[in-house]
Amino acid sequence: MPHSVDKATKEAIAQGEPLLWLNPNYQADANLCHNNLSLMAIEQADQRLRRFAPLLKQLFPELSSSEGLIESQLISATKLQQQHYPQLQGKLMIKGDHALPVAGSVKARGGIHEVLCHAEQLALEHNLISAIDDDYRILASSSAKALFSNHEIAVSSTGNLGLSIGVISAALGFNVVVHMSMEAKEWKKERLRKRGVTVVEHSDDYSAAVTAGRAASEADPNSYFVDDENSPRLFLGYAVAALRLQKQLIEQQIQVDAEHPLFVYIPCGVGGAPGGINYGLKQVFGPHVHCFFAEPVEAPCVLVGMLSEDKTQPDSVYQAGLKVATEADGLAVSMASGWVCSVIDNILSGVFTQTDTALFRQLYQLYETENIEIEPSAAAGFSGPEWLTESSQGKAYIQQQQLEPLMHNATHLVWTTGGLFVPDSEMKIFQQRGAQTSVQ
């Protein structure tokens, strides 16, 4: 870690102590121009998902009520706020990606978007469709499946991205290979196998699984590797969430403007999904949205990446003295995406970390008050409002951004990222552990 990082921050990271780090490069009105990234590119990704909606509705009956769109609810967390955030000014909300249909996690939009990009490209090249205004339901035909079955889609994952890629790719007829790192839960592997997906288990961490998966895919000319570390297609699919959130806020008459700030707290692994969401939110809401990433104390890879001398070549958490020892499998990543770190360099407000004990406690509190079930990774964001409003660092941020007079108008949005398909037996174990931490 560079010498410019202050000693207290270095020590807190190395000792696995929770902290809030404020990004010194943050600019409220940052220039959002990056290669291949723009508001227009996000809108095009949204249009692609809408083009495929009739096909997705046909492939996945659970999408009937949404006419083929994969989206989650914006939920008011009134009881949770009353019981566990009594001093919090403004409104506490939840963006419920833990319940995104088809894939059951935040990875649904990005992962499915990337696979649909590839399927669309192949279909156009092989004249299954002649233009993007054709009826895409033809891609469920036997001729389409014959085409896709000659192609492989591969991905490396700690779990949720693998589920997203595996489910949609298998439904379209692709051969699918998911490289699972040692952190992946057995039930996620089994769910993929039941859909005919080849699961390759690795005895090393996520970063090593990505390297191995990428190399294996590159050796096969008909294989397409979904690269969570370096993929604009994934990133833009994740960013579509901002357009959907904007619509939901309007529907619920919640303002986001110069008088009504929006604070967003997003669990973070390698950085792709939260980075895409962060980028999309800044495109839509500009200086009025403030994004904070949430990471486990044992695997704060984006925090370490943002502190690295060269963000495009980030340090690993091992170099900071950590071991990636966390129950939050979706966040158990040792090295962040250098590409994402460079994109969010001046649009990310900060990063906070928390212990596994806190994850389970907040998972249980959410279930107890709002009857919402999530996995441990998805609970990471719930420490955010307290860090922002009660810590010295958080208060300093509010003061720096001249937000003190506006906090009573604020919306605090916690992004829940996974949990829909967790087996009941596992969910009970999570909640029992959370209940025990709540009474300690």
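Numbers below:
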| read-out | value |
| --- | --- |
| Value of relative contact order over the range 339-440, rounded to a whole percent, pairs C-alpha under 8 Å and six or more apart | 41 percent |
| Whole-Å distance, taken between Cα centres, linking the range 1-65 and the range 293-323 | 16 Å |
| Residue-count net charge about residue 430 - beta-carbon cut-off 9 Å; Lys, Arg +1, Asp, Glu -1 | -2 |
| Mean separation of Cα contacts under 8 Å, 6 or more apart, over the residue count of the range 107-232: relative contact order % | 25 percent |
| Bridge type composition, the chain - antiparallel percent by DSSP, nearest 5 | 20 percent |
| Nearest 10 degrees, 0 to 90: helix 356-370 Cα axis against the chain principal axis | 80 degrees |
| GluC sites (Glu not before Pro) within the range 233-315: DSSP coil, no more than 11 neighbouring Cβ in 10 Å | 259 |
| Value of Rg to Rh for the range 349-438 (Rh from inverse mean 1/r over Cα pairs, i.e. Kirkwood) | 1.05 |
| Spatially proximal lysines relative to residue 10 (Cα-Cα < 26 Å; intrachain offsets below 8 disregarded) | 311, 323, 395 |
| Between 0 and 90°, nearest 10: helix 107-125 axis offset from the chain longest Cα axis | 30 degrees |
| Burial ranking of peptide ranges 235-246, 182-193 (average Cβ count within 10 Å, highest at the top) | 235-246, 182-193 |
| Qualifying trypsin sites (Lys or Arg not before Pro) in the range 342-440, DSSP loop, other Cβ atoms within 10 Å at most 13 | none |
| Calculated [θ] (222 nm, deg cm²/dmol) that DSSP helices of n ≥ 4 give over the chain, each run adding -39,500 (n - 2.57) | -13000 deg cm²/dmol |
| Cα-based helix-to-principal-axis angle, 206-218 vs the chain, degrees rounded to 10 | 20 degrees |
| Loop-resident sites, the range 64-161, for GluC sites (Glu not before Pro), counting at most 14 other Cβ within 10 Å (DSSP) | 67 |
| Contact order relative to length of the chain, as percent, for alpha carbon pairs under 8 angstrom and 6 or more apart | 22 percent |
| Whole-Å semi-axes of the ellipsoid equivalent to the chain (Cα gyration tensor, √5λ, descending) | 33, 24, 22 |
| Centroid-to-centroid separation of the range 329-374 and the range 115-135 [C-alpha atoms, Å] | 36 Å |
| Packing-based order for 131-141, 13-23, 156-166, 216-226, using average beta carbon neighbours within 10 Å, highest first | 156-166, 13-23, 216-226, 131-141 |
| When the range 1-144 is reduced to its Cα atoms, the Kirkwood hydrodynamic radius in Å | 19.6 Å |
| Euclidean distance of C-alpha centroids, the range 248-278 and the range 389-440, integer Å | 14 Å |
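Laboratory data are not the source of any read-out in this text; all were calculated from the coordinates shown. Because the structure is a prediction, the values reported are computed rather than measured. FYI the Cβ positions are ideal-geometry reconstructions off the backbone, even for glycines, and counts take in every protein chain you see.
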